[in-house]
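**Q** Have a look at the structure that comes next, please.
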Amino acid sequence: MPIIEPTHSAPPAEMIFDDWYPALRADKLRKGAHHTTLLLGIPLLLGRKNDGSLFALRDLCPHRGIPLSAGWFDGNTVTCKYHGWEFEPCSGQCTLIPSLTQHDSLDAQRIYAGAYPCVEKDGYAWVYMPAAGAGRIQPDDLAKLPPVPELPKFSQKFKSIHLTANLPCNVDHGIIGLMDPAHGPFVHQAWWWRSRSSIHEKSKVFEPIPHGFRMASHKPSVNSAPYRLLGVYGEDFTTTIDFVLPNRRYETIRCGNKWFSSLTTVTPVTPTTCRIDVIGAWNIFLHVPFVLPIVRYFGNRFVAQDQQTMVEQSEGLRYNPALMLIDDADKPAKWYFALKQARLKGTLGDNHPLTAPVTLHWRS
């Protein structure tokens, strides 16, 4: 899906580095193939070596700045088009400078292109994006990095789906839209999801968790048709929703031994644009024909509704309007901004905005 660039000067957002972000679907990276993308404003060249390992290089040659993607990748080595410099792509180490002669003292192997840790998980190539000036990450440093995010799964057999959409807004607007509990009956009006007539008061308990907050386990709203389908199993079902910095929303629905889980991320592409990715998995209705295409169809419709709303919102944001957050429906957005600022300042361990469980009330 192409990146949607704003048609105006969109407000930028400060971005959180030193964390993992989904860069590309891993199935795009066949052996010997490479693709380009932007992540946190940084141009990346991603690929898969012949031995199956993934790599993520800064798509700039350290010699003259030409994109390395303009050159060649033979499954083992990335070669710059301008002067033929060769790089081992996982480490970024330069292995050859063709112009050097026996009279030169330069050691090519002391030169490195920018390389980032890249791991395949849940069908995505996840890239660790260090802060500027952090220095090169050595192989021995990988164990010290935070774990790669993973979708919770509760059985060996399940089906899964991946959805994506580009948004013409900064990551902050994308994330608070993701966690907004009151937009469903309006943005997602549909016979299979919500309607205005389904609006009723809700009360949910939220509790602090490391780097985020949790909507505690509760029975899902019956005004959503997909949740009502779980009633066919004749057991009580519950859902838990977590938000974890920098950009992750986990939802887990349990109904006896049946389950559905999703991991939704809102990733900054540039300071003014972002991308939403959804990984979903379930062991519900495994033997019902055409479940996967049906889920993909309605899932894409759902994500497209959020995308269209963000496109329309971006038209209003170009006038830099004064914005407001209200209680209680906007309380999670307030927590997000407080958590983000504490993370950026390095004080998150001492400044969690949610100090104890609290019950929020709203209508949706």
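**Q** Scan the stretch 75-91 and report the pairs whose first residue is on the phi < 0 side of the Ramachandran plot and whose second residue is among the basic types (Lys, Arg), with Cβ atoms within less than 8 Å and a gap of 6+ or a chain change.
**A** The qualifying pairs are Asn76/Lys49; Tyr82/Arg64; His83/Arg64; Pro89/Lys49; Cys90/Lys49.
**Q** All but one of (1) surrounded by fewer than 15 Cβ atoms within 10 Å (Cβ to Cβ); (2) more than 17 Å from Gly212 (Cβ to Cβ) hold for Asp306, so report the exception by its number.
**A** (1)
**Q** Related question: How many residues are of a type outside the set (Lys, Arg) and more than 13 Å from Pro22 (Cβ to Cβ) if we restrict to the stretch 118-164?
**A** 23
**Q** For Ser91, work out the one condition from (1) modelled with pLDDT under 95; (2) closer than 21 Å to Gly52 by Cα; (3) assigned to a loop (DSSP other than H, G, I, E, B) it doesn't fulfil.
**A** Ser91 satisfies every listed condition except (1).
**Q** Which condition number in (1) crowded, with 17+ Cβ neighbours inside 10 Å; (2) at pLDDT below 95; (3) among the aliphatic types (A, V, I, L, M) is the one that Ala132 fails?
**A** Of everything listed in (1) crowded, with 17+ Cβ neighbours inside 10 Å; (2) at pLDDT below 95; (3) among the aliphatic types (A, V, I, L, M), Ala132 misses just condition (1).
**Q** Return the only residue of Leu29, Leu38, Leu44, Leu54 being touching a residue at least 60 places away in the same chain (Cβ under 8 Å), buried (at least 20 other Cβ atoms within 10 Å of the Cβ) and within 21 Å of Val266 (Cβ to Cβ).
**A** Sole residue among the options that is touching a residue at least 60 places away in the same chain (Cβ under 8 Å), buried (at least 20 other Cβ atoms within 10 Å of the Cβ) and within 21 Å of Val266 (Cβ to Cβ): Leu44.
**Q** Suppose we filter Ile279, Ile253 for residues that are buried (at least 18 other Cβ atoms within 10 Å of the Cβ), touching a His at 6+ places or on another chain (Cβ under 7 Å) and not in a loop (DSSP other than H, G, I, E, B); which single one remains?
**A** Just a single option satisfies the conditions, and that option is Ile279.
The values are calculated or read from the model by the stated rules, or taken from the named source; none is laboratory data. Predicted model, so just to flag it, every value in this text is computed and none were measured. Quick reminder, even Gly has a Cβ in these numbers, built from the backbone with ideal geometry, and neighbours come from all protein chains shown.
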